[in-house]
Amino acid sequence: MTEKSVGIDAVEIHTGKLRLDLAETYAPAKDDDPGKYTKGLGLFASSFPDVYEDIVTMGANAAHRLMERRDLTPADIGRIDVATESSFDNSKPVSTYIAGCLEQVYDEDFHHANKGERKFACISGTQSLDDAYNWIRAGRNRGRAALVIATDTALYARGDPGEATQGAGAVAMLIAEDPDLVELSTHQGYGSADETDFLKPNQQFPSVDGKRSVQVYLARMREALMDYESVAGDTHPDDFALVPFHTPFPGMVRKAALLGFRHVARDTEYEDQLAEELGRQPRQEEYDDIEAFQDALKEYTDALAETEVYQDWYAETVEPTLELSRYCGNWYTGSVHVARASGLLEAAEAGEDLAGERLLVGSYGSGAQAEIHHEVIQPGWEENIRALGVKDQLRDRYELTFDEYERIHDAHNHEKETDVDELTTPEDEFVFDGWGRMGERKYRYV
């Protein structure tokens, strides 16, 4: 029996309507050097939701555009999974709210679609992909597709070190047989441990140990890559056209990519070529003292980052995946999926022929778990990804002053009662429409 080809058939993105310029607006207000954000973090701007936007409206708007573009009706969808770490209800899943929104614009309903909500920090979007993939491969989909929606308002408390990395938006993905964008692989690797690097213990804004979070991210990614190789075989720097990572900010990806390249270049012609400049990579068995080995490895890694060989690889396979995130910030569960879309969009605009090439996707969620898997780019991917209007959305955002940013931030603080006027005018989209009799959030299409 021939196994089903299952993967991402199409993707849509909805970004928050408001833009905060980090260099021109945020840095002066904080009395900071703009380079702290543009060079250090690798971020230029953040996306924020207007007062009538939230995780439901952003997710529903992305899903609606996706369904319209693919000429789908609710009868074509058998599963709706929402991944978020910004949920406002501990019982009723966000997927039911989104389905209710969509039912306002379709004659049919989603009463026979399985709906759920996934939580594992930023990795839950990828876990939802896995769930949809397994549902279809198991033959339980009855010919229908799945909607996977990653939606978050990634806001931090005012004055928190993570404040500059904020962002808000949603990524909707259609998971189906014979996909037109990428086919998902059965080869996966995991790195997981009980960590407290980033968490929200019954609170809206996260508690973050920044330095620890970076260390945990890199450690779990390394474990996941090694686990992936145990099933997929040894990897090579030339195996993948693009390497999208979970991107809380591009500066963290720079660290992960460097360690990843060092690993996959080992015992290849890349290491041989670099040996003329750097010597060979240190091996632990060559050292009696673990600290001496670690010092030598750090010295090698620092030097590796400056080589033309590494920088060329990074510019080709990683840099394109960061283009969108530089201007929208961290979207938590949507982050790695924005990176995938960014890399493919940049490749399409450059006229690259990637059909049949592979992506190596590195997802991560604090708490903590990483997943590495590969995807195969499908014929016709260019037309599919060019249909994305996310760059138009980013260009058309309302530019916030710092005072407006402060008011908007307060408007999305669940603990505060605020009366903040909207800054943009909604059109042909779902909006928040007040509170119901049981304290539920209500929505309408305008």
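The values are calculated or read from the model by the stated rules, or taken from the named source; none is laboratory data. These numbers come from a predicted model, not from an experiment. In this analysis, Cβ positions are derived from the backbone assuming ideal geometry, glycine residues included, and neighbour counts consider all displayed protein chains. Please note that ligands, DNA and RNA were not included when accessible areas were found on the heavy atoms of the full protein model with its side chains. Shrake-Rupley method; radii C 1.70, N 1.55, O 1.52, S 1.80 Å.
Structure values in brief
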{"read-out": "Residue-normalised accessible area of the chain, given per residue in Å² at a 1.4 Å probe", "value": "43"}
{"read-out": "Within region 4-136, percent of DSSP bridges classed antiparallel, to nearest 5", "value": "40"}
{"read-out": "Centroid-to-centroid separation of region 266-326 and region 379-402 [C-alpha atoms, Å]", "value": "34"}
{"read-out": "Separation between Cα centres of region 422-446 and region 117-149, rounded to whole Å", "value": "27"}
{"read-out": "Two-decimal Rg to Rh for region 42-184 - Kirkwood Rh, Cα set", "value": "0.99"}
{"read-out": "Ordering of 238-250, 257-269 by burial proxy (mean other Cβ atoms within 10 Å per residue, highest first)", "value": "238-250, 257-269"}
{"read-out": "Net +/- balance of residues flanking residue 86 in space, Cβ distance below 13 Å, scoring K and R +1, D and E -1", "value": "-2"}
{"read-out": "Residue order for 72, 129 - accessible surface, 1.4 angstrom probe, largest first", "value": "72, 129"}
{"read-out": "Mean-position separation - Cα centroids, region 19-47 and region 186-248, in angstrom", "value": "26"}
{"read-out": "Candidates per GluC sites (Glu not before Pro) in region 1-30, loop by DSSP, up to 11 other Cβ within 10 Å", "value": "3"}
{"read-out": "Candidate lysines - alpha carbon under 29 Å from residue 36, same-chain residues fewer than 8 apart omitted", "value": "17, 200, 211, 255, 298, 391"}
{"read-out": "Overall form of region 333-423 per C-alpha gyration tensor (a/c, 1.5; a/b vs b/c)", "value": "oblate"}
{"read-out": "Phi to ³J(HN,Hα) by Karplus 6.51 cos²θ - 1.76 cosθ + 1.60 over region 60-65, Hz, x for Gly, Pro", "value": "5, 5, 5, 5, 4, 4"}
{"read-out": "Spatially proximal aspartates and glutamates relative to residue 115 (Cα-Cα < 17 Å; intrachain offsets below 8 disregarded)", "value": "76, 81, 85, 89, 103, 130, 131"}
{"read-out": "Label-point gap, in nm, between residue 215 and residue 289 - each point 7 angstrom along Cα→Cβ", "value": "2.1"}
{"read-out": "Whole-percent carbon and sulfur share, accessible surface of region 41-190, 1.4 Å", "value": "42"}
{"read-out": "Straight-distance crosslink candidates among lysines, where the alpha carbon sits under 20 Å from residue 30 and sequence neighbours closer than 8 are dropped", "value": "39"}
